[in-house]
Amino acid sequence: MTQTPAPAERPVPDSGGRRPPWGSRRVGRWASVVVLVLAGVAVLALALAGVVGSNGASATRPRPSTSGPPGDSATPAPDRDQQQLDALTALLAARRHAVLTHDRAAWLATVDPRDPRFQNAQGAVFDHLAGVPFSDWSYQYVGRAPDLSSQRRRELGGEAWVARVLAGYRLRGFDTTTSYAEQDLTVVRRDTQWFVASTSDGGTAPQPWDLGAVHVARGDHVLVLGTAAPATLRQYATLGDRAVRQVSGVWGTRWSRKAVLVAPRGQHEFGQLLLRDDAGLDQVAAVTTGDLGGGSGAAEPSGRAGNDRVVINPAAFARLGSTGRRVVLTHEMTHVAVRQSTTSAVPIWLSEGFADFVGYSGTGVSRRVGAGDLLAQVRAGHGPTHLPSSDDFDPTRTTIAPSYSASWLACSLIADTYGTDQLVALYRRAATAPTDGSAPDPEQQLESAFRRVLGTTTAAFTRDWLRYVNRLARP
């Protein structure tokens, strides 16, 4: 994510991505709490087979639940349970086909005909997503949600239960893996046919098209979509293209050089997409979020992101000056590039510090100005004693700007001492997963990278960094 700077032209660094409905290996790690946001609770999808696969065919269905469909007082026979799952399979397949063929009537044919209000709401959702360039739309069945109450069953007036599914999609020309969002779909039987009767009887992670009409703008390298005004999306596209070029100049061109930006109308929608309340969000101008590759049918090697989204907080972003906006988007684009081309997480100070290093490059912002918040703390006797950790980047716990500044200065010191190429080499080495398949330890991998790439140690570098920060703080 990216925080809001104090002075209008002084952007303060950000953090990376978490997984709210949209992702897994986060960049900075707070985004990780927020990266299950644009993709959904995809971790559940790894454990259970789907109903409608990404290839459009019926996937292997999970065995019927022994507890039976919610709302039944007695456990139903297995064949009845399987019949319900078969009906759900057909229903989800029809909804998938309707989206991919832009068939509004077919979409509405899956909706409960006895509820005109829900019919209208579902028609609006279909209209909202009509302009989004999907290359795929799919569903995966996870299991049965908690039972409906007796009153709710009476309201529906028919045999009904709640299916927990992962709704997935890919954007044409940008995604190599599927983004998932969890949905609880209430299905009801009318005579011999089943329909979707509600999406609000359980937990459903909102997507942009659930919040309003989605507009789309394209740049040379980026796709921008969201409920914000079309003119705003075009501005973001211009900034995004510039950010792609700047990142490639430092990190290199071994990534797709493409990105998707999501532009909600306001901070509340920003929080909804990240499954967060508004607490602390005024410090966050943008968040990078997405899933790891390597899942079933994924095109990306394990550990590489294939569906990242840069979600912009319009309230915080609008408070930035032109330099601040440039730094913010370049920072987030750095996360996108790194996540596409590495296979393991690194300590958060390196992730966020490197993103800020790239973001500030060429802006003319001096380190004493850019890190003024941190240096003021040092002069007051409250300077850092260690490199920033994950807790230092949690906006619900603390003011995060000084942690970004500290991380930026750490990466700047490496570039000053060893060169920018060696800073990039250090990052790439630390962010490469072990070839023996063992679980990577970010701290150990960075220690090894320090020794092999720079000929030093984490402890020695930390001492050098602390001396550097104190020297900058002197009048």
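Search region 405-421 for residues that are closer than 17 Å to Thr334 by Cβ and pair each with any residue that is modelled with pLDDT under 95 when their beta-carbon atoms are under 6 Å apart and the residues are at least 6 apart or on different chains.
Trp408/Pro13
With respect to Ala415, is the statement that it is within 30 Å of Gly324 (Cα to Cα), under 31 Å from the mean Cα position of the chain (by Cα) and open to solvent by 20 Å² or more (accessible area, probe 1.4 Å) true?
no
Within region 366-393, work out how many residues are of a type in the set (Lys, Arg) and within 31 Å of the chain's Cα centre (by Cα).
Residues that pass the stated criteria total 1.
Name the pairs whose Cβ atoms lie under 9 Å apart, with the first residue in region 448-475 and part of a loop (DSSP other than H, G, I, E, B), the second modelled with pLDDT of 95 or more and among the acidic types (Asp, Glu), and 6 or more positions between them or separate chains?
Thr456/Asp464; Thr457/Glu447
Looking only at residues that are of a type in the set (D, E, K, R) and under 21 Å from Arg114 (Cβ atoms) in region 148-187, which one is most open to solvent (accessible area, probe 1.4 Å)?
Arg154
Within region 364-383, how many residues turn out to be touching a Ser or Thr at 6+ places or on another chain (Cβ under 9 Å), open to solvent by less than 40 Å² (accessible area, probe 1.4 Å) and assigned to a loop (DSSP other than H, G, I, E, B)?
Matching residues across region 364-383 total 2.
Got at least one residue in region 420-442 being within 30 Å of Ala279 (Cα to Cα), assigned to a helix (DSSP H, G or I) and open to solvent by 10 Å² or more (accessible area, probe 1.4 Å)?
Looking through region 420-442, at least one residue is within 30 Å of Ala279 (Cα to Cα), assigned to a helix (DSSP H, G or I) and open to solvent by 10 Å² or more (accessible area, probe 1.4 Å).
To keep it simple, each residue is scored yes or no on (1) open to solvent by less than 60 Å² (accessible area, probe 1.4 Å); (2) out of contact with any Lys or Arg (no Cβ under 9 Å at 6 or more places or on another chain); (3) within 20 Å of Gly353 (Cα to Cα); (4) at pLDDT 95 or above.
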{"residue": "Val244", "(1), (2), (3), (4)": "yes, no, yes, yes"}
{"residue": "Gly249", "(1), (2), (3), (4)": "no, yes, yes, yes"}
{"residue": "Ala259", "(1), (2), (3), (4)": "yes, no, no, yes"}
{"residue": "Arg265", "(1), (2), (3), (4)": "no, yes, no, yes"}
{"residue": "Ala279", "(1), (2), (3), (4)": "yes, yes, no, no"}
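Just to verify a result, which residue in region 201-215, among those that are part of a loop (DSSP other than H, G, I, E, B) and buried (at least 24 other Cβ atoms within 10 Å of the Cβ), is modelled with the lowest pLDDT?
Taking the candidates together, the pick is Ala205.
Any idea which residue in region 284-313 is farthest from Pro440 (Cα to Cα), counting only those that are modelled with pLDDT of 80 or more and assigned to a loop (DSSP other than H, G, I, E, B)?
Once the filter is applied, the top-ranked residue is Asn313.
Is it fair to say Pro402 is part of a loop (DSSP other than H, G, I, E, B), open to solvent by less than 50 Å² (accessible area, probe 1.4 Å) and at pLDDT 95 or above?
When the stated conditions are applied, Pro402 does not pass them.
The values are calculated or read from the model by the stated rules, or taken from the named source; none is laboratory data. Since this is a predicted model, take the numbers as computed values, not measurements. Positions of Cβ are backbone-derived with ideal geometry, glycine not excepted, and every protein chain shown enters the neighbour counts. For accessibility, only protein heavy atoms count, side chains too; no ligands or nucleic acids. Shrake-Rupley method; radii C 1.70, N 1.55, O 1.52, S 1.80 Å.
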